[in-house]
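Single-structure report; data block below.
The values are calculated or read from the model by the stated rules, or taken from the named source; none is laboratory data. Just so we're clear, the structure is a prediction, and the values are computed from it rather than from any experiment. Note that each Cβ is placed from the backbone with ideal geometry, even for glycine, and that neighbours are counted across all protein chains shown. Quick note on the areas: whole protein, heavy atoms, side chains included, nothing else; ligands and nucleic acids left out. Shrake-Rupley method; radii C 1.70, N 1.55, O 1.52, S 1.80 Å.
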Amino acid sequence: MSESAAAATSTWSGRFNEPVSELVKRFTASVFFDKRMAMQDIRGSLAHATMLARQHIIAAADLAAIERGMNQIRGEIERGEFNWHLDDEDVHLNIEKRLTVLVGDAGKRLHTGRSRNDQVATDIRLWLRDTIDVIDGLLANFIHALLDVAETHAATPLPGFTHMQVAQPVTFGHHLLAYVEMMRRDRERMSDVRRRVNRLPLGAAALAGTTFPIDREFVARELGFDAVCENSLDAVSDRDFAIEFTAAAALVMVHLSRLSEELILWMSPRFGFIDLADRFTTGSSIMPQKKNPDVPELARGKSGRVFGHLMGLLTLMKGQPLAYNKDNQEDKEPLFDTADTLTDTLRVFIEMVPGIRVKAAAMAAALRQGFATATDLADYLVKRGLPFRDAHEAVARAVRAAEEKGCDLADLPLAELQAFSPLIDDDVFAVLTIEGSLDARDHIGGTAPNQVRAAIARVRSAL
Ligand code: ARG
């Protein structure tokens with residue numbers, strides 16, 4: 001084969017004198033990761049071809065041939081029979097090449113009025129839209145899993161912490177509902193991102209639009225997009241939506257990582273608040289006694305790679321002049337890995353959370369050690385007329401006395417308590433119990449078990 005004949009085998013090689021070097025081919029090819037968007041690429045091409053035929057830009061017979069070829073290609077890919085070629089650079093050229101082999105000139109007409117620049121932007125948006133819908137379903141399932149455990153433990157007390165010091169009693173259900181709120185915001189963020197993902201770039205062609213009488217609105221409707229991208233330069237070069245998605249995913253990972261950290265702490269014998277089901281823990285190769293919370297630890301660790309992808313994508317975009325640049329090919333791997341990491345982590349959490357075994361006795365024991373009802377005693381004095389700051393001071397002295405005796409506030413005899421304030425009566429002991437403390441926080445957002453149950457019911461009916 002002569003040099004020019006070899007060069008002419010590549011899709012865009014007409015004006016080149018020598019073939020691309022093997023090294024450059026490998027460096028610039030994306031097919032081994034972007035073939036993941038093959039189904040979206042076919043969907044986009046079929047919508048484009050349908051529009052071309054409707055607008056009489058290609059013949060009806062060409063459309064029929066393209067549809068026939070694409071159906072075959074779809075089957076080949078699904079059966080794992082499609083031969084992906086590095087020589088054909090990316091998913092778009094691989095499919096177009098195969099189409100041309102299958103249906104001849106009709107295949108060569110498909111690319112009329114479009115460019116890989118608007119094609120790839122369309123494919124990513126279709127792919128991301130599908131992915132966001134999967135993630136939304138997983139978030140909903142995770143919320144359901146949390147709600148079920150929260151309901152079982154709507155009245156199970158454990159210490160609430162601030163500064164990792166025992167602060168006030170809360171219920172385990174209330175604690176889990178905090179994560180439910182985070183996940184509900186995550187769903188909102190994802191659906192907000194989806195609105196901006198769901199715009200059609202196709203029609204922008206390489207950057208300036210096309211000379212053919214295309215119908216972009218038709219293609220948008222065919223593909224389920226809410227609208228078309230308004231500016232052709234922006235359409236081919238915008239990757240804000242990928243960054244936004246990764247930012248939203250990073251926040252979900254932050255939330256999962258915080259929960260992981262708590263599960264790890266609670267599972268440590270120093271806390272002993274919970275056990276995870278054995279199938280979510282692993283042993284040590286040397287220490288026979290160990291049961292390690294590897295799953296939450298990995299989830300906590302995996303948050304790092306998603307944050308890295310967010311930083312990577314921001315950096316990818318910051319120096320790019322309009323319009324499309326090959327830099328943009330680097331958007332896919334971080335995006336795919338973000339989606340994979342997030343969906344894997346959510347799936348494992350959905351399975352793991354129902355297997356949390358709550359050790360209520362250990363939670364209660366921890367509460368008895370931390371003077372968790374000291375604020376309740378101060379509130380009691382305030383209700384009897386003492387200014388809050390004076391009440392705070394009186395209770396602080398009582399706590400110090402209890403600490404010296406090595407007992408809880410509720411264990412101090414009435415006479416001793418009265419030494420800190422004459423306003424204290426024997427009804428004080430109801431206030432100093434954990435149950436009294438919980439029940440007293442009886443308003444929307446409070447930890448009283450009936451409020452926790454009401455909150456669960458509200459979330460369930462909103463889902
Ligand atoms: N593989 C490329 C990407 O991922 C497709 C677009 C290529 N366009 C081009 N003019 N080289 O961005």
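Rolling a 1.4 Å probe over the heavy atoms of the protein chains gives the range 348-463 an accessible area of 52 Å² per residue.
Relative to the present Cα-Cα distance, how much length would full extension add between Asn141 and Arg397 at 0.36 nm per residue of separation?
Here the answer is 87.4 nm.
For the range 1-122, count all C-alpha to C-alpha pairs, find those more than 24 Å apart, and express that count as a whole percent of the total. Display every interim value, and only then the final one.
Working: 2123 of 7381 pairs.
The share of Cα pairs beyond 24 Å in the range 1-122 comes to 29 percent.
Tell me the Kirkwood hydrodynamic radius of the chain in angstroms, computed as one over the mean inverse distance between distinct C-alpha pairs. 26.6 Å is the Kirkwood radius here.
For the range 338-344, putting each phi into the Karplus relation 6.51 cos²θ - 1.76 cosθ + 1.60 with θ = phi - 60° gives couplings of 4, 5, 5, 4, 5, 5, 4 Hz, in residue order, rounded to whole numbers and with x for Gly and Pro. Compared with the dominant Cα axis of the chain, that is its longest principal axis, helix 374-383 is turned about 70°.
Heavy atoms only, probe 1.4 Å: what % of the accessible area of the range 308-412 goes to carbon and sulfur, would you let me know?
53
Averaged over its residues, the range 157-268 has an accessible area of 41 Å² per residue, based on protein heavy atoms and a 1.4 Å probe. Summarising the label geometry, the points placed 7 Å from Cα in the beta-carbon direction at His85 and Arg36 lie 2.5 nm from one another. Applying 1/(1 + (r/R0)^6) with R0 = 41 Å to the Cβ-Cβ distance of Asp278 and Glu333 gives a FRET efficiency near 0.70. In plain terms, the chain from Ala362 to Phe27 could stretch by 114.9 nm, reckoned as 0.36 nm per residue minus the Cα-Cα distance. The angle separating the long axis of helix 116-152 from the principal Cα axis of greatest extent in the chain is about 20 degrees. Each residue of the range 90-100 was assigned a 3J(HN,Hα) from its phi angle through the Karplus curve 6.51 cos²θ - 1.76 cosθ + 1.60 (θ = phi - 60°); the sequence is 9, 4, 5, 6, 4, 6, 5, 4, 5, 4, 5 Hz, with glycine and proline shown as x. Of the trypsin sites (Lys or Arg not before Pro) in the range 188-295, the ones in a loop by DSSP (not H, G, I, E or B) with at most 16 other beta carbons within 10 Å are Arg270, Lys290, Lys291.
How many Å² of accessible area per residue for the range 1-115, probe 1.4 Å?
On the way: 6080 Å² over 115 residues.
Per residue, the range 1-115 has an accessible area of 53 Å².
The tail of the calculated P(r) for the range 309-463, taken as Cα-Cα distances beyond 24 Å, holds 60 percent of the pairs. On full extension, the segment bounded by Thr162 and Leu233 gains 20.5 nm, given 0.36 nm per residue less the C-alpha separation. Sorted from greatest to least, the principal axis extents spanned by the alpha carbons of the range 304-385 come out as 71, 39, 17 Å. Hey, any idea what % of the range 95-171's accessible area is carbon plus sulfur with a 1.4 Å probe? That share works out to 50 percent. Residues whose amide H comes within less than 5 Å of that of Gly160, counting only those at least five positions distant or on another chain, are Ala167, Gln168, Val170 (H built at 1.01 Å from N in the peptide plane). Per-peptide packing, taken as the mean over residues of other Cβ atoms within 10 Å, places 117-127, 374-384, 422-432, 243-253 in the sequence 117-127, 243-253, 374-384, 422-432 from highest down.
For the chain, averaging the sequence separation of C-alpha pairs within contact (under 8 Å, six or more residues apart) and dividing by the residue count gives a relative contact order of 15 percent. The separation of the range 146-192 from the range 368-403, counted between C-alpha centres, amounts to 26 Å.
Between helix 60-78 and the chain there is an angle of about 50 degrees, using the helix long axis and the longest principal axis of the Cα atoms.
Per residue, how much space in cubic angstrom lies within the convex hull of the C-alpha atoms of the range 63-121? Working shown, then result.
On the way: hull volume 5.0 nm³, N = 59.
So the per-residue Cα hull volume is 85 Å³.
Between the range 89-111 and the range 420-463, what's the alpha-carbon centroid distance in Å? Using only Cα atoms to place each centre, the spacing works out to 67 Å.
Before anything else, pin down the relative contact order of the range 418-463: Cα pairs under 8 Å, at least 6 apart, normalised by residue count, whole percent. It comes to 17 percent, rounded to a whole number.
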